[in-house]
Amino acid sequence: MNENTNISVRNIAIVGPYSSGKTTLLESLLFVSGAINRKGNVNNGNSIGDNCLEAKSRNMSVEVSSAYTEYKDINFTFLDCPGSVEFMQETYNALVAAGCALIVCEPSVSKVLTLAPLFHFLDEWQIPHLVYINKMDRSQDNFMDVLKAIKDVSTRPLVPQQYPIKKDQDVIGYIDLITEQAYHYHPDSEADLVSFPDELKEVETKARQEMLEILADFDDHLLEELIEEIEPSEEEIIKDLKQDLSADLIVPVFFGIAQNDYGVRPLLDSLVKEAPEPNITAERRGLKPINSETVIAQVLKTYYSTQGGRLSLVRVWQGNLIDGMTLNGVRVGGIYQLMGSQQKSLNWANTGQIVALGRLEGIKTGDTITDASSLIKSLPKAQIFQPVYAKAVTAENRKDEVKISGAIAKISEEDPSLKWEQDENTHEVILWGQGEIHLQVTLERLRNKYNLSMVTQNPKIPYKETIRKSTTIHGRYKHQSGGHGAFGDVYLEIKPLSRGEGFQFHQTIVGGVVPKQYIPGVETGVREYLIQGPLGYPVVDIDVTLTDGSYHAVDSSEQAFKQAARIAMSEGMLQCEPILLEPVLQVDISIPSEFTSKVLQLVSTHRGQILGYDSMTNWKNWDQVNAYLPQAEMQDFIIELRSLSLGVGFFNWQYDHLDQVPDKVTSKILAEV
C-alpha cells in the first residue's frame with residue numbers, strides 16, 4: 001500500500017456464525033484481488049486468517065486477524081472476526097471501528113437464527129452491513145426461503161442484488177439485478193456473461209422490482225420514476241444503494257461459493273461501489289474534527305507475541321499517524337500493516353487506515369489515543385461481556401505459581417472478556433470466561449506463550465451455614481501447668497438472625513462478673529469460631545450475647561476468655577440445628593421466543609425459581625426469563641442454554657441472597673466434604 005495522503009480506504013469486518021466460511025472467504029477475497037498468489041486452507045492450517053496456534057489446532061477463528069489488499073484503486077483492510085459465540089467480544093471490539101460489516105452465513109433456514117445477536121449489535125451501533133450467503137453448493141433450502149428467514153432476524157430491509165441461476169439443484173451462476181445481465185460461474189476466472197435465461201425472466205423481474213421499491217422508500221425521485229414507469233439508470237441505482245447502505249437503511253445480499261471463488265468478484269465490485277468511506281464511519285461515531293492535524297485513533301485489539309512483544313491494532317480516525325510520535329504519553333514503537341501473522345513496516349498511517357502499533361504499554365483495547373495536549377472525549381467502545389463460565393486454576397508446577405498473575409494479566413489484555421480473581425471465600429484462583437472452549441483456548445495460550453501449564457477444576461461453592469434454634473451454653477477454660485494458670489468462664493446466648501443480618505455480638509454483664517478488659521477476648525473467640533462452623537463452613541446470620549461468667553484474679557486473661565468462648569460456641573452450635581446456606585443468583589436469560597418453554601424447564605431442573613418472563617425491547621421475537629438460580633447449579637448452565645437455543649441464548653447474573661440448601665442436597669454435599 002502506498003504511503004500517501006490521497007489513498008481511498010475501506011475497512012470491512014468479516015463476521016458470521018462459526019463454520020459459515022468467513023476465513024475461506026477472506027482467502028478468496030485476497031486471491032482474486034491479487035494480494036496472494038495461492039489460497040490457504042483452514043483445514044491445512046495455512047490460511048491468512050486463522051494464523052495463531054490455538055486457531056490452527058481447532059480449525060476455527062479465536063481472535064481478530066487483519067489483512068489488506070488493493071482492488072480497483074481502493075485499499076481494503078479486512079478484519080476476519082471469530083464466529084463462535086464464546087469469542088464474540090473480539091468481533092464486537094473490531095466492529096466498532098469497521099466501516100462496513102460483511103455477514104457470511106450458510107444457505108440453511110434452520111441456521112439463520114444464529115445471526116440474530118449479530119444483527120442486533122450492528123443495528124444498535126448503526127453499522128452498515130451486507131450479507132454473503134456462502135456454500136450455495138450445499139444448499140438444501142430454496143433461496144427465497146433463506147431470504148425470508150434472514151428477513152425475520154433483520155430490522156433493516158434486505159436488498160438482494162443477485163438472483164441465482166440453477167441447473168437441476170446446483171447453482172451455476174447469477175443474474176445481476178442492477179444490470180439484468182446473466183453470468184455463469186467459471187473456475188479460476190471471472191464469471192462468463194451468458195444469454196439471459198428466459199425461464200427466469202418473470203421471477204427476476206419481480207425480484208428487481210422489489211429491490212427498486214425498497215430503494216424508493218428512501219428516494220422520492222426514484223419513487224416518481226417507478227410510478228411513471230421510467231426505467232432508472234444503473235448509476236442512479238448504485239448511488240441509492242451506496243447512500244442507503246452507508247446510512248444503515250438497507251442490507252444488500254449476495255451469494256456464492258467462496259471455496260471456488262464463485263460470487264467473490266461481484267461482491268468485491270459492490271464493495272468498491274457501495275461500501276462507505278472512512279469519514280462516514282467517523283461521523284456516525286460523532287467524531288467532529290478538532291483540527292485536521294490532531295491524531296485520534298482507537299485500539300481494536302491487543303496482541304502479545306510468544307517473545308513478549310506487544311502490538312496494538314488501531315483504527316486511525318483522524319490525522320496522519322507518524323512512527324515515533326507520542327500518543328497518550330506513550331511513544332509509538334513502530335507502525336505495521338498486518339497480513340495475518342506477517343508484518344509490513346510503515347513510516348506513517350493515514351486517516352481511515354487500520355494498522356498495528358508497537359509498544360503502547362498501558363493502553364488497553366477500546367482506548368482512544370491522541371497526540372493532542374488537551375483532553376479528548378473517548379470514542380464509544382463495545383461493552384465488555386459479563387463472564388458466564390469459570391474454572392479454578394493452579395500451576396501444574398508449584399515453581400510456576402509466581403508467574404500466574406503476570407501471565408493471566410497479559411492474556412486478559414489480549415482478551416478483555418476474560419477475568420480472573422483470588423476468591424476470598426474459597427482461596428482459589430478463579431479464571432472466568434465465555435464458555436468451556438474459551439477457557440480451553442486461554443489455557444493453551446498460557447502454555448504456548450508463557451510455558452505455563454495449568455490444572456483446573458470446578459470452583460468451590462462458597463457455602464455458608466447458620467442456625468435454626470437458640471440456646472444458652474456454658475463454656476469454661478481452665479489450664480494449670482506450673483506458675484500462673486489460665487482461667488476463663490462464660491455463659492453465651494446464641495440466637496439466629498434474619499437472612500442477611502450477618503453477625504452481632506452483645507454483652508449484658510452486670511456486677512463485673514467478667515471484667516471489661518476480657519470481654520473483647522470473648523468476642524474474638526466467637527468470631528474465630530465462626531470462620532468454620534459445625535458443618536465446616538463460615539457461620540452467618542447469628543447473634544451471640546455474653547450474659548454471665550466468672551474470673552480468677554490471678555489466672556484470668558483475655559486469651560483465656562477467648563478460649564472459653566470458642567469452647568462454648570463449639571458445644572452450643574451443635575444444639576442450634578445448624579443448616580447449610582448457598583448463594584443464589586438473579587439470572588436474566590435472553591432467548592428466541594421459540595425456546596422460552598425449554599428454558600423454563602431448564603431453570604426448573606436446576607432448582608431454579610421463575611420470577612417471570614416478558615418479550616425483549618428492540619429484539620424481534622425474543623424473550624427474557626428472570627429467575628433465581630443457586631450458584632451450585634450454574635457451572636454448566638451456559639453450555640446447556642446454548643445447546644437448546646442454537647448457541648444464541650445468553651444471560652446476565654448477579655448475586656442476590658443466601659438461601660437454605662435442601663436437606664437431600666445438604667446430605668450429599670457434606671458426604672462429599
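The values are calculated or read from the model by the stated rules, or taken from the named source; none is laboratory data. This structure is a prediction, so every number in the text was calculated from the model and none was measured. FYI the Cβ positions are ideal-geometry reconstructions off the backbone, even for glycines, and counts take in every protein chain you see.
A few remarks follow.
- Breaking point among (1) farther than 28 Å from Y304 by Cβ; (2) buried (at least 22 other Cβ atoms within 10 Å of the Cβ), for S8: (2)
- Verdict on R527 being part of a helix (DSSP H, G or I), basic (K, R) and under 30 Å from D659 (Cα atoms): yes
- Scope segment 398-435; condition over 21 Å from the mean Cα position of the chain (by Cα), hydroxyl-bearing (S, T, Y) and closer than 22 Å to G309 by Cβ; matching residues: S405
- Output for segment 532-577, where each listed residue is closer than 18 Å to P520 by Cβ and of a type in the set (A, V, I, L, M): V544, L546, A560, A564, A565, I567, A568, M569
- Filter result (touching a residue at least 24 places away in the same chain (Cβ under 8 Å) and surrounded by fewer than 22 Cβ atoms within 10 Å (Cβ to Cβ)) within segment 25-51: F31, V32, S33, G34, A35
- Taking segment 85-135 as the range and being among the hydroxyl-bearing types (S, T, Y) and either out of contact with any strand residue (DSSP E or B) (no Cβ under 7 Å at 6 or more places or on another chain) or not assigned by TED's automatic domain parsing to the domain that holds P164 (or both) as the test, the residues that pass are Y92, S108, S110, T114.
- When K201 is tested against (1) surrounded by fewer than 14 Cβ atoms within 10 Å (Cβ to Cβ); (2) closer than 23 Å to L25 by Cα, only condition (2) is not met.
- Hey, K495 within 24 Å of G549 (Cα to Cα), among the charged types (D, E, K, R) and without any contact (Cβ under 8 Å) to a residue 60 or more places away in the chain or not: yes
- Residue pairs meeting the criteria (Cβ under 6 Å; at least 6 apart or on separate chains; first assigned by TED's automatic domain parsing to the domain that holds I178 and farther than 21 Å from T155 by Cα, in segment 202-217; second among the hydroxyl-bearing types (S, T, Y) and not in a helix (DSSP H, G or I)): E204/Y163
- Screening segment 563-604 for residues that are within 25 Å of the chain's Cα centre (by Cα) and hydroxyl-bearing (S, T, Y) and picking the one that is farthest from P662 (Cα to Cα) gives S593.
- E436 being in contact with a helix residue (DSSP H, G or I) (Cβ under 8 Å, 6 or more places away or on another chain), without any contact (Cβ under 8 Å) to a residue 60 or more places away in the chain and acidic (D, E): no
- Members of segment 608-630 found to be under 30 Å from T426 (Cα atoms) and surrounded by fewer than 17 Cβ atoms within 10 Å (Cβ to Cβ), listed by number: Q609, I610, L611, N626
- Where strands (runs of 3 or more DSSP E) sit wholly within segment 25-116, those with at least 2 residues that are of a type in the set (V, I, T) and modelled with pLDDT of 95 or more occupy 74-80, 100-105.
- Residue in segment 532-545 that is farther than 30 Å from G502 by Cβ and either modelled with pLDDT of 95 or more or surrounded by fewer than 21 Cβ atoms within 10 Å (Cβ to Cβ) (or both) present: no
- Residues satisfying the stated conditions in segment 126-148, i.e. without any contact (Cβ under 8 Å) to a residue 40 or more places away in the chain and either part of a helix (DSSP H, G or I) or within 30 Å of E413 (Cα to Cα) (or both): R138, M144, D145, V146, K148
- Hits in segment 102-132 - residues which are under 17 Å from V85 (Cβ atoms) and aliphatic (A, V, I, L, M): I103, V104, V112, L113, L115, A116, L118, L122
- Residue within segment 286-300 that is in contact with a helix residue (DSSP H, G or I) (Cβ under 7 Å, 6 or more places away or on another chain), within 30 Å of N451 (Cα to Cα) and at pLDDT 90 or above present: yes
- The set of residues in segment 303-342 being surrounded by fewer than 17 Cβ atoms within 10 Å (Cβ to Cβ) and part of a strand (DSSP E or B) consists of I322, T326, V330, R331, Q342.
- Check on L25, of a type outside the set (D, E), closer than 21 Å to A349 by Cβ and not assigned by TED's automatic domain parsing to the domain that holds S593: no
- Any hit, segment 222-229, residues being in contact (Cβ under 8 Å) with a residue 24 or more places away in the chain, crowded, with 19+ Cβ neighbours inside 10 Å and of a type outside the set (D, E, K, R): no
- Hits in segment 365-405 - residues which are of a type in the set (G, A, S), without any contact (Cβ under 8 Å) to a residue 40 or more places away in the chain and not in a loop (DSSP other than H, G, I, E, B): S405
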